[in-house]
Amino acid sequence: MGSRDAGPGLDGAHRRPGGTSGARGPRARLPEGGGPPRPAVASWARGPAPPPADNARAAAEAALVEARRREAGRIAAGLERKRRREPSAIHEDEYPSTGQTPVAAGPVDGGFAAGISGPLGPGPCRNPDADFGGLALLGRVRGRNRRMAQRGWVRIIKQGGSPAGHPLGRGVWGGTAEDAAAGGGRLVPTFLVGLLATLLALGCASERASSPNWTPPPAEVAGSPVVVAAGDIAHCRSEGDEATAGLLEGIDATIITLGDNAYRNGSARDYQECYEPTWGRFKDRTRPAPGNHEYDTEGASAYFRYFGKAAGHPEEGYYSYDLGTWHLVALNSNCEEVAGGCDASSPQVRWLRAELANDGRSCTLAYLHHPLFTSGKYRPGIPEGKPLWEALYAAGADVVLSGHDHNYQRFAPQDPEGRADPRRGIRQFVVGTGGRNLYPISWFPLANIEAHDDETYGVLKLTLSPKGYQWRFLAVGGGFTDSGGARCH
């Protein structure tokens, strides 16, 4: 548990340097025969000596208060050093180490009509929280997303393109690219878009009501283990990690970090000055995974030194452990850095297959930094980790947690190709909301997405029951939340 600030200690909070108190008092007396001086006791403080048991209890209480005072002081000093740290001279480039560039919010191959039955999946009713299966309506784009989208249109035109030449614009913007560039384009009337949204909503409601495959999730079982997860966490110039660390204080849980734990470079200084004062307070119950920023320091050496044995072997960065009836697997998705990479014949994938084949647990949760599917900055996802997903899917894994995209996303169970699979599919959560900063969700979220938010820092709490799991997104300051439950395969 995190320490709480108990206030000043019993021995006085206003001592001067050298151990002298702020006010004058009786002088210390030298004992007969030499030795260190005994502190004098003021006459008003004298009284009958308490019984030995009371002495011991009072000493224990004083020691506890002093320990709390020192811990609170250590945390406060760490936070102060974190805030005073000089900005790094390194350019703030947060693209993945693979060199892949992020995708602007909005593009969808096939245009506007594809949002109904094209690449986004067969039909909009599968994802009630995904803007009708990818059909992002202007009226449903909230504040920050809408402003960013508007800026995106301006950026497209400034860069010499046109809305009609953009994949989104080909469906929404009437006329040719030449017409649009000359200012002659026209937007589809908003009332037509609203009418289509209404018809889709009515059809989806009836489809969900008549679904024969829906079964209620299992009830939460008292005493079940709990994990709390997030990635993309600490930066000395951000206070988001301080806020999310506050969410961990009162939760008796295993802490899972999903990579990019300490910005900007995962260096020893980043961990000591940025991560340690916040999430580092829970290091003794943290089971981490490395992100690409950890490998900005050669071999992620500072990450492995900081977490020690809890992070696995430094040449691997993957390991497993059990909680209740669940088997948990931490994976290393930094495929260019881990020995042997991530292809189907790599040491990591071979280890994963053997690990899952020998496991007798009824439920499996895996976590790694890079998401195979995402609707945010790195849409549609990072494919290098697909062989890991294929091994998990073949073994019947239930849940995968990822970070890297700085937002929250929950997907319906799906296979490694992104096809809905309610019977054997893996449910993926993207929880890049640990505190660094936030990235926008695309206007056109991927198929199978069920919930998403890009305006809130927070952590994902998972209760691992014997036959299923319950999830709840805990947001800083309240606001957005997402909760539910499901059975294991």
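The values are calculated or read from the model by the stated rules, or taken from the named source; none is laboratory data. Treat the numbers as computed from the prediction; the structure is a model and nothing was measured. All Cβ positions, glycine included, derive from the backbone under ideal geometry; neighbour counts span all protein chains shown.
Computed quantities for the displayed model
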quantity	calculated
Extreme residue, farthest from H235 (Cα to Cα), among residues of segment 267-292 that are without any contact (Cβ under 8 Å) to a residue 40 or more places away in the chain and not in a helix (DSSP H, G or I)	T286
In segment 466-475, residue surrounded by the most Cβ atoms within 10 Å (Cβ to Cβ) [restricted to those that are of a type outside the set (D, E, K, R) and modelled with pLDDT of 95 or more]	Y469
Checking A310 against (1) in contact with a helix residue (DSSP H, G or I) (Cβ under 6 Å, 6 or more places away or on another chain); (2) surrounded by fewer than 17 Cβ atoms within 10 Å (Cβ to Cβ), the condition it does not meet	(1)
Cβ pairs under 8 Å, 6+ apart, first in segment 407-419 and on the phi > 0 side of the Ramachandran plot, second buried (at least 21 other Cβ atoms within 10 Å of the Cβ) and aromatic (F, W, Y)	G418/F373
Any hit, segment 344-362, residues being modelled with pLDDT of 95 or more and either closer than 30 Å to D453 by Cβ or in contact with a His (Cβ under 7 Å, 6 or more places away or on another chain) (or both)	no
Index of the failed condition, G458 passing every other in (1) buried (at least 24 other Cβ atoms within 10 Å of the Cβ); (2) more than 23 Å from A289 (Cα to Cα)	(2)
Test: residue in segment 300-321 that is modelled with pLDDT of 95 or more, touching an Asp or Glu at 6+ places or on another chain (Cβ under 6 Å) and at positive phi	yes
When residues of segment 434-468 are limited to those that are basic (K, R) and within 28 Å of C363 (Cα to Cα), the one farthest from the chain's Cα centre (by Cα)	K467
Filter result for the condition that a residue is in contact (Cβ under 8 Å) with a residue 40 or more places away in the chain and buried (at least 24 other Cβ atoms within 10 Å of the Cβ), over V400, V349, V431	V431
Tally, over segment 331-349, of residues that are part of a helix (DSSP H, G or I) and in contact with a helix residue (DSSP H, G or I) (Cβ under 9 Å, 6 or more places away or on another chain)	2
Number of positions in segment 227-266 that are among the aliphatic types (A, V, I, L, M) and assigned to a loop (DSSP other than H, G, I, E, B)	4
Residues within segment 449-478 that are in contact (Cβ under 8 Å) with a residue 60 or more places away in the chain, under 16 Å from R410 (Cβ atoms) and of a type outside the set (D, E), tallied	15
Listing of strands (runs of 3 or more DSSP E) fully contained in segment 382-481 that carry 2 or more residues being of a type outside the set (A, V, I, L, M, F, W, C)	408-411, 427-431, 449-453, 458-465, 468-475
Filter result for A300 (over 18 Å from the mean Cα position of the chain (by Cα) and surrounded by fewer than 18 Cβ atoms within 10 Å (Cβ to Cβ))	no
Residues within segment 354-378 that are crowded, with 20+ Cβ neighbours inside 10 Å, of a type outside the set (V, I, T) and not in a loop (DSSP other than H, G, I, E, B), tallied	5
